[in-house]
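Colleague: This structure is in structure tokens; I'll ask about it shortly.
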Amino acid sequence: MASVSTTHLVKMKAEGTKIVAVTAYDFPFARLADEAGVDVILVGDSLGMVVQGQKNTLPVTMEEMLYHTKMVSRGVTRSLVVGDMPFLSYQADVCEAVRNAGLFLKEAGAAAVKLEGGAGVSETIRAMVDAGIPVQAHIGLTPQSVHAMGGYRIQRDENRLVDDAHKVAEAGAFSIVLEGIPAPIARRITEEVGIPTIGIGAGVHCDGQILVMHDLLGLNLGYMPKFTRMFADLKGESLKGFRAYGDAVREGSFPGPDHSYQ
Ligand code: KIV
Ligand code: NA
């Protein structure tokens, strides 16, 4: 299968083929998602929570994002790899934002970056696109703004959301993640903008879907939001494996002669 490009995603929208996206943070899971035919792999700053065990995404650094994006890129042959720009890597200054975005392509093997925000970051998106960096926008419930939103809240201001979507599309974004917004608003945005919408907690009318890998594989050890679903139980399987290993060592059935060098 040919590798997925940003223009391929726009074609999928036009043809009505759903875009399948997932997050991944390391080599083995990126390789498995790629092999399973996932179209887009996002190295999300959600890794701050699901991998690092922090309480939100704010502490994640550029260095950490590049490290994880490198591991993911090494596992991927077909999927489009998108690097997620961490808090404070693009908000303060447009030049700094372009430089940081470029590092995901230059050093970490990503083909695109994602950043949070609507009209307020459209100038930044345009500067990145002008520099040859494909950008995925992310509007609605934007976790880096958790303190400004007063918590992780569904965003319902239709006029603002629609305006944000148009502004990021006009700025040259190749796609938009719609997170935590009512389905009818996501439907309207999906119909009005020319670029593909990727939903998470945004209803059934988006051009594609993204989930956090740990949620869908059953590796989320904390709160499971309403919009997600466990498609496998790796937590249960992992506990089984660790316990079986512990039992075998304790009872002396592992290692056995087959695992020993004479
Ligand atoms: O960091 C992340 O995983 C994300 C997706 C949920 C869109 O931004
Ligand atoms: Na993110």
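Laboratory data are not the source of any read-out in this text; all were calculated from the coordinates shown. What you are looking at is a predicted structure, and each value in this text was computed from that prediction instead of being measured. Please note: Cβ atoms are built from the backbone with ideal geometry, for glycine as well, and neighbour counts cover all protein chains shown.
Colleague: What value, in deg cm²/dmol to 500, does the helix sum -39500 (n - 2.57) over DSSP H runs of n ≥ 4 give at 222 nm once divided by the residues of the chain? Before the final figure, lay out each step's value.
Modeller: On the way: 11 runs with 108 residues, N = 262.
Helix-only estimate at 222 nm: -12000 deg cm²/dmol.
Colleague: Here's a follow-up. Assuming a ≥ b ≥ c are the square roots of the Cα gyration tensor eigenvalues, decide whether segment 6-231 counts as rounded (a/c under 1.5), prolate (otherwise, with a/b larger than b/c) or oblate.
Modeller: Rounded, because the longest to shortest axis ratio a/c is under 1.5.
Colleague: Here's a follow-up. Give, in nm to one decimal, the length gained when the segment between residue 17 and residue 147 is fully stretched (0.36 nm per residue of separation minus the Cα-Cα distance).
Modeller: Stretched out fully, the residue 17 to residue 147 stretch lengthens by 43.2 nm.
Colleague: Between helix 94-106 and the chain, what is the angle of the helix's C-alpha long axis to the longest principal axis, kept within 0 to 90° and rounded to the nearest 10?
Modeller: Roughly 40 degrees, rounded to the nearest 10.
Colleague: Points 7 angstrom from Cα along the Cβ direction at residue 119 and residue 259: gap in nanometres?
Modeller: In this crude spin-label approximation the distance works out to 6.2 nm.
Colleague: Counting only residues 5 or more places away or on other chains, whose amide H sits under 5 Å from the amide H of residue 195 once H atoms are built in the peptide plane?
Modeller: none
Colleague: Only Cα pairs within less than 10 Å get springs; with that Gaussian network setup on the chain, which residue of 66, 234, 115 has the largest fluctuation?
Modeller: Taking springs between Cα atoms under 10 Å, the residue moving most is 234.
Colleague: Output the 0 to 90 degree angle, nearest 10, between the alpha-carbon long axis of helix 183-192 and the longest principal axis computed from the alpha carbons of the chain.
Modeller: 60
Colleague: Which FRET efficiency value, to the nearest 0.05, is calculated for residue 88 and residue 170 with the Förster distance at 22 angstrom and r the Cβ-Cβ distance?
Modeller: FRET efficiency, residue 88 to residue 170: 0.30.
Colleague: Using 16 Å as the cut-off for backbone N distance, which residues of segment 1-38 belong to the label zone defined by a point 7 Å from the Cα of residue 232 along Cα→Cβ?
Modeller: Inside the label zone: 21-38.
Colleague: To continue, here is another question. Could you tell me which of the pairs 18/55; 114/167; 11/106; 70/114; 55/114 are separated by over 23 angstrom between their Cα atoms in the structure shown?
Modeller: 18/55; 11/106, as the Cα separations exceed 23 Å there.
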